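> Mind having a look at this structure? Questions to follow.
The numbers here are math on the coordinates, done by the rules we state, and not lab data. Treat the numbers as computed from the prediction; the structure is a model and nothing was measured. So basically every Cβ, Gly included, is an ideal-geometry build from the backbone, and we count neighbours across all protein chains shown.
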Amino acid sequence: MTAGFGARLRTALDTHGPLCVGIDPHVSLVEEWGFEASGAGIREFGLRVVEASAGRVGVVKPQVAFFERFGAAGFAALEDVLRAARDAGLVVIADAKRGDIGSTMDGYAAAWLSAGSPLEADAVTLNPYLGADSLRDTLASAVATGKGAFVLAATSNPEAHVLQSASVHGAGAETVAARVAREAAVAGGASVDSLGPIGVVVGATADREAVGLTDAALEQLPILAPGFGAQGAEPRDLRRLFGRVARNVVASESRSILSAGPDRLAARIDERAGLYAEVNLG
């Protein structure tokens, strides 16, 4: 029987460290790499990143928007990149930030988390701000099929702070972000003995304490943390930023790695991974 997402992610982090390579084919980067800004160009870009990442990191995160902008050709490219990454043994997080209600949400879940789907990934990012309960069936399905999900809890954009730090009506001092984390833990069946399949997104440059995301609130949750590298956080900050849950962090970097270009890409991944290896995660 195939191990569940939490177990596979734990193995990837323990084997390769926290670095996650973002596959973000910005048009400017694609052109700097010498490729055409087209479906074919972003396909080649993505496959090069997968090739350089395999064996160096445990996790990659394709940003769906940069593929989606090219329509059918972009989705075809994304299908190839997702398949190549999973075939290479990488844990693949589709950064799609989907969130809706009812049958629409069921459709998104089937697209990203169903075995054999053209867009199959190991996990997907989800937006709970149409109501966390709207994700219940999707999260249950992910757990039942050995997949995972990362629910947006505290993002780095300043305009999100008002919502994410707001107190939940009738829940005492619990913030919206803390409620999201609590419900993610419940949905994933997180325990003190293992990493659950349902995690949260917590921006590395967000003030997690200000939105109620204490170490206790995040215990045993996988934490996808964008914001390392070009956005300002550095590997040496990991322990300071995430305290005793630092060991559960998937530290996502994209531009800081992709800017090296295709010829220096593997070496840059090794450099950045080496910096994380120097951090005492406890």
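> Return a whole-number percent for the relative contact order of the chain, with Cα pairs under 8 Å and 6 or more residues apart as the contact set.
Details: 567 pairs, mean separation 54.9, N = 282.
Relative contact order here is 19 percent.
> Rounded to the nearest 10 degrees, what's the angle between the helix 265-277 long axis and the longest principal axis of the chain, both from Cα atoms, 0 to 90?
30 degrees
> If you average 1/r over all unlike Cα pairs in the chain and invert the result, what Kirkwood radius do you get in angstrom?
By the Kirkwood definition, the hydrodynamic radius is 18.7 Å.
> Return the sequence-ordered ³J(HN,Hα) values of region 50-66 in whole Hz as given by the Karplus equation 6.51 cos²θ - 1.76 cosθ + 1.60 applied to θ = phi - 60°, using x for Gly and Pro.
After applying 6.51 cos²θ - 1.76 cosθ + 1.60, I find 4, 4, 6, 7, 4, x, 9, 10, x, 9, 10, 9, x, 8, 4, 4, 6 Hz.
> Would you calculate a helix-derived [θ] at 222 nm for the chain, using -39,500 (n - 2.57) for each DSSP H run of n ≥ 4 and dividing by the full residue count, to the nearest 500?
Result for the chain: -12000 deg cm²/dmol, rounded to the nearest 500.
> A further question follows. To the nearest Å, what is the center-to-center distance of region 1-80 and region 163-242, using C-alpha atoms only?
Each part's Cα centre sits 24 Å from the other's.
> Sticking with this structure for a sec: Calculate, in nm to one decimal, what SER256 and SER194 gain on full extension: separation in residues at 0.36 nm each, minus their alpha carbon distance. Present the calculation step by step, with values, prior to reporting the outcome.
Numbers: separation 62, 0.36 × 62 = 22.32 nm, distance 3.12 nm.
Answer, rounded to one decimal: 19.2 nm.
> Can you give me the long-range amide H partners of GLY196? Hydrogens built in the peptide plane at 1.01 Å from N, cutoff under 5 Å, separation of 5 or more residues or another chain.
Long-range HN contacts for GLY196: SER191.
> I've got another one for you. Among the DSSP beta bridges whose two residues both lie in the chain, what percent are antiparallel, rounded to the nearest 5?
Given both bridge residues lie in the chain, the antiparallel proportion sits at roughly 5 percent.
> Add +1 for every Lys or Arg and -1 for every Asp or Glu among the other residues with Cβ under 14 Å from the Cβ of ALA181, and state the total.
Charge balance near ALA181 sits at -2.
> In degrees from 0 to 90, rounded to the nearest 10, what is the angle of the helix 71-87 Cα long axis to the longest principal axis of the chain?
Once rounded, one gets 80 degrees.
> Next up: Rounded to the nearest 10 degrees, what's the angle between the helix 5-16 long axis and the longest principal axis of the chain, both from Cα atoms, 0 to 90?
With rounding to tens, the tilt is 60 degrees.
> Something else: Is there a quick way to get the dipole size of region 135-243? I mean about its Cα centre, with the Cβ of Lys and Arg at +1 and of Asp and Glu at -1; what is the value in debye to the nearest 20?
Dipole size: approximately 140 debye.
> Specify the residue with the greatest mean-square fluctuation among GLY74, GLY189, GLY34, computed from a Gaussian network of the chain linking alpha-carbon atoms under 10 Å apart.
Top of the fluctuation ranking is GLY34.
> Can you give the relative contact order of region 146-187 as a percent, counting alpha carbon pairs under 8 Å and 6+ residues apart?
Contact order relative to length: 34 percent.
> Rounded to the nearest 0.05, what FRET efficiency do VAL27 and ASP87 have when you use their Cβ-Cβ distance and R0 = 22 Å?
For R0 = 22 Å, the calculated efficiency reads 0.25.
> Residue by residue through region 252-261, which ³J(HN,Hα) values in whole Hz follow from phi under the Karplus form 6.51 cos²θ - 1.76 cosθ + 1.60 (θ = phi - 60°), with glycine and proline marked x?
8, 10, 10, 4, 4, 9, 5, 5, 5, x
> Can you tell which of ALA251, ALA111, ALA77 shows the greatest fluctuation in a Gaussian network model of the chain with Cα springs below 10 Å?
Between ALA251, ALA111, ALA77, it is ALA111 that shows the largest mean-square fluctuation.
> About the Cα centre of region 5-277, what is the dipole size in debye to 20, counting +1 per Lys and Arg Cβ and -1 per Asp and Glu Cβ, all else neutral?
Roughly 460 debye for region 5-277.
> Any idea which of LEU78, SER194, PRO226 is furthest toward the positive side of the dipole for the chain, if Lys and Arg beta-carbons carry +1 and Asp and Glu beta-carbons -1?
SER194
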